[in-house]
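**Q** My questions will all concern the structure given below.
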Amino acid sequence: MRIPIRLLSVLLLSIICLSVGAKGKRLASYEKYIQKYSDLAVQHQKKYRIPASITLAQGLLESGAGQSVLAKRSNNHFGIKCHSDWRGGRVYHDDDLKGECFRKYRHVEDSYEDHSRFLAERSRYASLFRLDIRNYKGWAKGLQKCGYATDRAYANKLIKVIEDYELYRFDSGKKSRKKSSKKQKLPVYDYQVYRTDGLLYVYAKENDSFEQIARSLGFKTKHLIKYNEVPEDFPLEKGDIVYLEKKKKKADKPHYEHVVQVGESMHSISQMYGIQVKSLYKMNKKDEDYVPEEGDVLKLR
């Protein structure tokens, strides 16, 4: 059902509640790792066109934020195995099989360099380099599809880490999150407002932002951010749903269950059905560290 913009103010008079979505716990070890290696990840993004968010997320997961046995013994932060073309140092570690051969590096920086070249020089990952540098979800799904890891939840784990720690902020190539002192002048766009199951929303446009949508529709940016349960600088993709009011505690009928697909997170599923993230966790008796795996069935009401 489409709603003319001129009726929007009338429909939104009753909207007074704001909510903040559930986020994963922030680990000090992860924060320290990000602070230490984010500049290096940005350098490799500029050199190899691999999103810095992806590089950092893989490093965090594969090395346990630099604390895994493999990382400490061999400076291997990306779990790269020897393969037939490897001529460098070697260590042996139990993984899918017992005593598998992994690459050993003198320095962590060498591991980052080898990881970037590993992706850039292998044809099976070529399709990823045609994606927008800010499309971390596409990269995460592509890495799993191309066989980087055997974990069926690998893409979803990468996405969760990127979103929990806001690693997407590094994909712009900037080292800090400081805003310019000059106020950016944004154009006013025309958005078609929809209403489904009693919720008002719009679809994001190309290169859109919450600030842009808020300005165009007469909202405060902080309100849209809270309605959609995201951090201030959360990136939007064309076609993303942006709610103009607080989401519900459960989905409307006939949406009873959802089967998880590759590349989905609890937040993206909550947006799909207009459910508050904390309610989705609660209905399914999951804690905030849960990562949905392909094939999992989640309750929606």
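**Q** R106: open to solvent by 50 Å² or more (accessible area, probe 1.4 Å), of a type outside the set (D, E) and part of a loop (DSSP other than H, G, I, E, B), yes or no?
**A** So R106 passes the test.
**Q** So, of the residues in segment 50-72 that are assigned to a loop (DSSP other than H, G, I, E, B) and touching a His at 6+ places or on another chain (Cβ under 7 Å), which turns out to be nearest to D110 (Cα to Cα)?
**A** That would be G66.
**Q** If the Cβ limit is 9 Å and pairs must be 6+ apart or interchain, which residue in segment 223-241 that is under 19 Å from Y136 (Cα atoms) and among the β-branched types (V, I, T) pairs with which residue that is open to solvent by 40 Å² or more (accessible area, probe 1.4 Å) and part of a helix (DSSP H, G or I)?
**A** Note: pairs meeting the criteria are I241/M272.
**Q** Any residue at all in segment 220-241 that's over 21 Å from S265 (Cα atoms), more than 22 Å from the chain's Cα centre (by Cα) and surrounded by fewer than 19 Cβ atoms within 10 Å (Cβ to Cβ)?
**A** Keep residues of segment 220-241 that are over 21 Å from S265 (Cα atoms), which gives 220-223.
Checking the rest, the ones that are also more than 22 Å from the chain's Cα centre (by Cα) come to 220.
If we keep only those that are surrounded by fewer than 19 Cβ atoms within 10 Å (Cβ to Cβ) as well, we get 220.
So far as segment 220-241 goes, yes, one or more of its residues are over 21 Å from S265 (Cα atoms), more than 22 Å from the chain's Cα centre (by Cα) and surrounded by fewer than 19 Cβ atoms within 10 Å (Cβ to Cβ).
**Q** Here's a follow-up. Just checking, does segment 40-57 include any residue being surrounded by fewer than 21 Cβ atoms within 10 Å (Cβ to Cβ), among the small types (G, A, S) and farther than 30 Å from K249 by Cβ?
**A** For segment 40-57, residues surrounded by fewer than 21 Cβ atoms within 10 Å (Cβ to Cβ), among the small types (G, A, S) and farther than 30 Å from K249 by Cβ: absent.
**Q** Here's a follow-up. Considering only residues that are within 16 Å of Y125 (Cβ to Cβ) and touching a helix residue (DSSP H, G or I) at 6+ places or on another chain (Cβ under 8 Å), which ones fall in segment 63-94?
**A** Of everything in segment 63-94, those that are within 16 Å of Y125 (Cβ to Cβ) and touching a helix residue (DSSP H, G or I) at 6+ places or on another chain (Cβ under 8 Å) turn out to be F78, G79, I80.
**Q** Select from segment 73-93 the residues that are within 11 Å of D110 (Cβ to Cβ) and among the hydroxyl-bearing types (S, T, Y) and list them in ascending order.
**A** Listed by number, the list holds a single entry, S74.
**Q** Continuing with the same structure: Give the residue, chosen from E211, E264, that is closer than 28 Å to G142 by Cβ and not in a strand (DSSP E or B).
**A** Result of the check over E211, E264: E264.
**Q** Would you point out which residue out of R106, R134, R152 is free of Cβ contacts under 8 Å to residues at least 40 places away in the same chain, farther than 17 Å from D85 by Cβ and not hydroxyl-bearing (S, T, Y)?
**A** Of R106, R134, R152, the one residue that is free of Cβ contacts under 8 Å to residues at least 40 places away in the same chain, farther than 17 Å from D85 by Cβ and not hydroxyl-bearing (S, T, Y) is R106.
**Q** Could you tell me how many of the residues in segment 139-149 are free of Cβ contacts under 8 Å to residues at least 60 places away in the same chain and not in a loop (DSSP other than H, G, I, E, B)?
**A** So the count comes out to 1.
**Q** Kindly indicate which of Y256, Y290, Y273 is open to solvent by 20 Å² or more (accessible area, probe 1.4 Å), over 18 Å from N156 (Cβ atoms) and among the hydroxyl-bearing types (S, T, Y).
**A** On the way: Y290 fails: over 18 Å from N156 (Cβ atoms); Y273 fails: over 18 Å from N156 (Cβ atoms).
So the residue among Y256, Y290, Y273 that is open to solvent by 20 Å² or more (accessible area, probe 1.4 Å), over 18 Å from N156 (Cβ atoms) and among the hydroxyl-bearing types (S, T, Y) is Y256.
**Q** Now, a different point. Would segment 79-101 turn up any residue that is within 19 Å of K36 (Cβ to Cβ), small (G, A, S), open to solvent by 20 Å² or more (accessible area, probe 1.4 Å) and not in a helix (DSSP H, G or I)?
**A** Yes, some residue in segment 79-101 is within 19 Å of K36 (Cβ to Cβ), small (G, A, S), open to solvent by 20 Å² or more (accessible area, probe 1.4 Å) and not in a helix (DSSP H, G or I).
**Q** Please state which one of K205, K246 is assigned to a loop (DSSP other than H, G, I, E, B) and at pLDDT 95 or above.
**A** None of the other options fit; the residue is K246.
**Q** Tally up the residues in segment 109-140 that are buried (at least 18 other Cβ atoms within 10 Å of the Cβ), more than 17 Å from D171 (Cα to Cα) and of a type in the set (K, R), please.
**A** So the answer is 0.
**Q** Considering segment 151-202 alone, what residues qualify as being over 24 Å from N135 (Cα atoms), modelled with pLDDT of 75 or more and in a loop (DSSP other than H, G, I, E, B)?
**A** Those that are over 24 Å from N135 (Cα atoms), modelled with pLDDT of 75 or more and in a loop (DSSP other than H, G, I, E, B): D190, Q192, D197, G198.
**Q** Give just the number: which of (1) touching a strand residue (DSSP E or B) at 6+ places or on another chain (Cβ under 9 Å); (2) of a type in the set (D, E, K, R); (3) within 17 Å of D151 (Cβ to Cβ) does R90 not satisfy?
**A** (3)
The values are calculated or read from the model by the stated rules, or taken from the named source; none is laboratory data. Note that the coordinates shown come from a computational prediction; the quantities given were computed from them, not determined experimentally. Glycine also receives a Cβ, built like all others from the backbone with ideal geometry; neighbour counts cover every protein chain displayed. Only protein heavy atoms, including side chains, enter the accessible area calculation; ligands, DNA and RNA are left aside. Shrake-Rupley method; radii C 1.70, N 1.55, O 1.52, S 1.80 Å.
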